[in-house]
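The values are calculated or read from the model by the stated rules, or taken from the named source; none is laboratory data. From a predicted model like this one, the values you see are computed outputs, not experimental measurements. Because the Cβ atoms are built from the backbone with ideal geometry, glycine has one as well, and the counts that use them run over all protein chains shown. SASA here: full protein model, heavy atoms, side chains in, ligands and nucleic acids out. Shrake-Rupley method; radii C 1.70, N 1.55, O 1.52, S 1.80 Å.
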Amino acid sequence: RKEVEQDPGPFNVPEGATVAFNCTYSNSASQSFFWYRQDCRKEPKLLMSVYSSGNEDGRFTAQLNRASQYISLLIRDSKLSDSATYLCVVNRGTNAGKSTFGDGTTLTVKP
Amino acid sequence: GAGVSQSPRYKVAKRGQDVALRCDPISGHVSLFWYQQALGQGPEFLTYFQNEAQLDKSGLPSDRFFAERPEGSVSTLKIQRTQQEDSAVYLCASSSARDPNYGYTFGSGTRLTVV
């Protein structure tokens with residue numbers, strides 16, 4: 001079993017739809033959580049950090065459930081430009097430095 | 001610099017050839033990471049530097065892989081006697097804080113193809 005697991009999708013949604021991605025992690029010692037976005041043949045880019053209290057950035061909302069070791073990303077009012085692969089990332093928050101990436105969930109937003 | 005710079009962007013190597021991949025992190029960034037990304041998968045951790053110190057090399061797949069950051073800025077990932085399974089995108093990332101909770105800035109990567 002991988003340390004970070006995501007539904008690979010693909011998710012195909014119309015413009016304006018609301019879509020949610022889920023991610024589970026196995027290491028209960030994990031302390032930091034992130035969502036990255038990766039466009040085709042490009043490098044991953046930090047989308048947002050995920051906090052226990054939940055956080056929102058415009059149309060994007062991230063939630064963390066430490067008890068269930070579960071992270072989610074909600075995208076409201078999807079745009080064509082949201083089409084990408086979304087990577088869930090977990091870090092143990094120690095000086096070890098290593099972050100563990102999921103394999104990503106692919107989203108395609110269609111007109 | 002304005003971002004993380006990696007070179008070359010593309011490298012085709014014959015099996016058995018040695019390659020060297022360069023990463024120039026954002027100026028002043030203490031932490032530097034190397035990741036390997038195979039097609040359709042997420043990045044896999046290779047190694048981590050804090051300044052010139054290599055604090056974790058647990059992800060290097062074999063002793064053919066070697067990384068260095070001698071002056072705490074530019075880093076080089078060297079792969080000796082390349083094999084076909086080494087074909088992947090090699091991503092370098094840097095972070096401004098000693099605490100990796102701040103997330104990374106990635107370079108554009110080097111796409112290595114071993115033929």
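Some notes on this structure:
- Options B:SER95, B:SER75: the member that is within 12 Å of B:LEU32 (Cβ to Cβ), crowded, with 17+ Cβ neighbours inside 10 Å and at the interface with chain A (Cβ under 9 Å from one of its Cβ atoms): B:SER95
- Residues in the range A:38-84 that are under 27 Å from B:GLY3 (Cβ atoms) and hydroxyl-bearing (Ser, Thr, Tyr): A:SER49, A:TYR51, A:SER81, A:SER83.
- Of the set (1) within 30 Å of A:GLY9 (Cβ to Cβ); (2) exposed (fewer than 14 other Cβ atoms within 10 Å of the Cβ), all apply to B:PRO8 but (1).
- Applying the condition of being more than 19 Å from A:SER53 (Cα to Cα) and crowded, with 23+ Cβ neighbours inside 10 Å to the range A:86-96 and asking which residue is farthest from the other protein chains (Cβ to nearest Cβ) yields A:TYR86.
- Within the range A:25-35, the presence of at least one residue that is at the interface with chain B (Cβ under 9 Å from one of its Cβ atoms) and crowded, with 17+ Cβ neighbours inside 10 Å is confirmed.
- Boolean, B:LYS14 is among the basic types (Lys, Arg), surrounded by 14 or more Cβ atoms within 10 Å (Cβ to Cβ) and more than 8 Å from every other protein chain (Cβ to nearest Cβ): no
- Out of B:ALA53, B:ALA88, sole residue that is surrounded by 15 or more Cβ atoms within 10 Å (Cβ to Cβ) and either more than 8 Å from chain A (Cβ to nearest Cβ) or under 28 Å from A:THR105 (Cα atoms) (or both): B:ALA88
- Residues of the range A:58-111 classified as at positive phi and more than 14 Å from the chain's Cα centre (by Cα), total: 4
- Test: residue in the range A:66-83 that is at pLDDT 95 or above, within 13 Å of chain B (Cβ to nearest Cβ) and surrounded by 17 or more Cβ atoms within 10 Å (Cβ to Cβ): no
- Qualifying residue in the range B:12-35 (condition: among the hydroxyl-bearing types (Ser, Thr, Tyr) and over 11 Å from the mean Cα position of the chain (by Cα)): yes
- Counting only residues that are in contact (Cβ under 8 Å) with a residue 12 or more places away in the chain, under 19 Å from A:TYR25 (Cβ atoms) and open to solvent by less than 60 Å² (accessible area, probe 1.4 Å), the range A:38-60 holds 6 of them.
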